Amino acid sequence: MRSVEPLINKIAGEYPAFSINERAARLVCFYTGFNFLVGLVVVLLLQLSLNFLVFQVSGAALFFGMYYLLSSKKYVQQIVIVVVALLCTTFPLFWFNAGGVMGPALVSAVVIFYCCFNIVSPKYKLTVSVVVLLLAVFTLGLSRLYPQWVIAYPNTNQAYLHYFLLIVQFSGYFILIEASSLYCYRHEQQLVNTKNEELAKANEAKLRLFAIISHDLRGPMATLKAILNSVEEGFSTPEKTQRQLAHLKTMMTPLNNSLNNLLLWSRLQLDGLNAAPEQFTTGDILEEELQIAAEQATMAGVTLSNRILPDTRLYADVNHFRIIFRNLIANAIHHARKGTVVELLQQPATGKMIFMVTNEGVRIPETAVAAFNQTGSLPTTGTASKRTGLGLQLCNNFVKANGGNIWIDMTQDAKTVFCFSLNTEA
């Protein structure tokens, strides 16, 4: 069945651009027109009457005309009603033209019922069903009242052969429509499965991020509460209080970054991610971000080194650029060993600029690096779990929104390098 799907889609139109009912209508029109063309060939080969020839040509023209009208996507409902009317009139004309009603009527009435049931809107299906059944009863009644109109088969074998040929001919309607419906069903199922997978991943990411945020908030808040309790109860000496305040101050910088990221992430969930790229130079922006990170670096015993040229030009969203560097610098400082250097580097590429934020700290497993380079997020287990959070997710989202890429380079000994690229020109 899958092997004929490309042909069916070409005839019926791509789903969901064409609905299931519209596809069925187009298939019925095309196949009916095709049957009339086959009949035309038979008429010519057998040299039958001129009336038969005109009937076949007219039928082919009518149904192929309806087929192409349905392609325009205009007045679909009106055209569908015309198609149903044509089906209900053309087949009876064919029965009489063939010399009888009994033989073709039994098979053709079922085909009309089936085709009309599939191509009309649901609210008209009952009406169409009644009309088609009445039409079948009417033709059978005529065969009883006027036996001379019934095809006079010379023998039983010829009658069976006629029925068999009709079934073969009309089976095309069932095959085309059912194959089309099956394709549409699989397409919908695939969309549902994809949406479910995305929803599951989104829910998993949200749960993980909220767990990380709650962990980041719990520590500083517990420390602050302990300091306030000890001061209130008079158990803390000035020297001890000073040490506790220094420790709390160290914890507040990443806490502040986490809260800012949480607020930004929440806004993105409500408003969506829209980049507003513009041309700018990186110098002043990076200086401001390094000044913000300087206190965190001092407390962590880490040195900051900026080797990015101040006149570097980019075409990106300025605010996104700030947030990317702010999070990568904070992440590098947080995971760097004391006494090491966090470097900001750059490397030109065709139409882009590659930026690198390096640090020396705990190595990220190769499997986690591969996962980040593919999905933009680190796994939730092992050493890499300590680096997961809103910051890296925001970096990934903002870099992708500005037409760049982000990845981790672990090829340098003892160094972890977070790299990302942005466009230099519009």
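The number of residues in the stretch 1-30 being more than 25 Å from the chain's Cα centre (by Cα) and over 11 Å from SER180 (Cβ atoms) comes to 2. Here VAL38 does not qualify as in the same structural domain as LYS73 (by TED's automatic domain parsing), loosely packed, with under 15 Cβ neighbours inside 10 Å and modelled with pLDDT under 85. When LEU304, LEU309 are checked against the criterion of being aliphatic (A, V, I, L, M), in the same structural domain as LEU392 (by TED's automatic domain parsing) and part of a strand (DSSP E or B), a single residue qualifies: LEU304.
Could you please give the count of residues in the stretch 331-353 that are crowded, with 21+ Cβ neighbours inside 10 Å and within 34 Å of the chain's Cα centre (by Cα)? So the answer is 2.
Do we have ARG313 as surrounded by fewer than 18 Cβ atoms within 10 Å (Cβ to Cβ) and in contact with a Phe, Trp or Tyr (Cβ under 8 Å, 6 or more places away or on another chain) here? When the stated conditions are applied, ARG313 passes them. Please verify whether PHE18 is in a helix (DSSP H, G or I) and surrounded by 12 or more Cβ atoms within 10 Å (Cβ to Cβ), treating the condition exactly as stated. Spelling it out, it is not the case that PHE18 is in a helix (DSSP H, G or I) and surrounded by 12 or more Cβ atoms within 10 Å (Cβ to Cβ). Scan the stretch 130-148 and give yes if some residue there is under 30 Å from PRO16 (Cβ atoms), modelled with pLDDT of 75 or more and buried (at least 17 other Cβ atoms within 10 Å of the Cβ), otherwise no. No - not one qualifying residue is present in the stretch 130-148.
The values are calculated or read from the model by the stated rules, or taken from the named source; none is laboratory data. The model shown is predicted, which means the values in this text are computed figures rather than measured ones. Don't worry about glycine lacking a Cβ; one is built from the backbone with ideal geometry, like all the others, and counts go over all protein chains shown.
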